[in-house]
Structure formats: structure tokens, C-alpha cells
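Notes follow the structure.
The numbers here are math on the coordinates, done by the rules we state, and not lab data. A quick note: this is a predicted structure, and the numbers were derived from the prediction, not measured. Cβ placement follows ideal geometry from the backbone for every residue including glycine, while neighbour counts extend to all protein chains displayed.
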Amino acid sequence: MGKAKRLKRLRKEKKSFEEAFSDGFTRNFIKEIKNSSMWDEMVAEFGEKRALELLKECKAEIRPGLPTEME
């Protein structure tokens, strides 16, 4: 693979700031839920397998710009 092709592939793989921040925020959110009493309640109500599935569905969505009421 030539240098130009390799650099082009690397640019495609690079995430935007919003995507990287969203992924990190999501991981931290899931970690905090697992360490809270809410996790125990989720496991008691849904079972551990279903609770893990619900956590995997969580995704932090970061939208650029200020909310309209703050502008």
C-alpha cells in the first residue's frame, strides 16, 4: 500500500470531535450506571442479560452549538 493510500485510509478512520466525545461520554455514563444502585434495580427487574442489552442501547448524542434558549 502506498503512502497516499495509507494516509487517505487514516483520514477516513479518524473520528470527528463530536463522535469521539460522544463515545467517551457514553462509556463513562455506562460505567457510572453500573457502579450505582440503579444497576442493582435494573438487574433485579430485567435480569442481568437484559440489563446489559439496555445499557448497550444507550448512546450519548452531542449536538454542536448552544441550545436555542441559551443563545
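General observations
- Residues of type lysines that Lys59 reaches as a straight line, Cα spacing below 17 Å, ignoring anything fewer than 8 places off in the same chain: Lys15, Lys31, Lys34
- On the beta carbon distance between Ser36 and Lys15, with R0 = 35 Å, the FRET formula returns roughly 0.80.
- Kirkwood radius, the range 16-65, all distinct C-alpha pairs, inverse of mean reciprocal distance: 11.7 Å.
- Counting only residues at least eight positions apart within a chain, or on another chain, the lysines with an alpha carbon under 16 Å from that of Lys12 are Lys3.
- Rounded tilt (10° steps) of 17-34 against the dominant C-alpha axis of the chain: 20 degrees
- The angle between the Cα long axis of helix 48-57 and the main principal axis of the chain comes to about 40°, on a 0 to 90 degree scale.
- Taking a sphere under 15 Å around the Cβ of Met42 and counting the other residues whose Cβ falls inside, with K and R at +1 and D and E at -1, yields a net charge of -2.
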